[in-house]
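Everything on this sheet refers to the single structure shown next.
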Amino acid sequence: MAFAHGVVVGNEFASIEVSVDTSGHCARLVLRDVVSGQSRYIDPLVLEALIYMPDDVMQSLADPNLIVSD
């Protein structure tokens, strides 16, 4: 896989490493939880959807009561 160097973005609640995967058909973000190692690939269409998502919907996604960890 071709990855650009990642950067860790964090606060007292979460630490996420953000990098870019260029090995596929188009570049996409890779988000990796530093603690668990769980990762998700996000393509440009999903990123654009996040930009236009209403604030109340975005805030509901970050509700700690909805986060399930194994």
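Remarks
- Residue among S69, S19, S60 that alone is hydroxyl-bearing (S, T, Y) and at pLDDT 90 or above: S19
- Selection within the range 23-60 - of a type in the set (S, T, Y) and within 20 Å of V9 (Cβ to Cβ): S36, S39, Y41
The values are calculated or read from the model by the stated rules, or taken from the named source; none is laboratory data. Remember, predicted model here, so these are calculated numbers, not experimental data. Neighbour counts run over all protein chains shown; Cβ positions are idealised from the backbone, glycine included.
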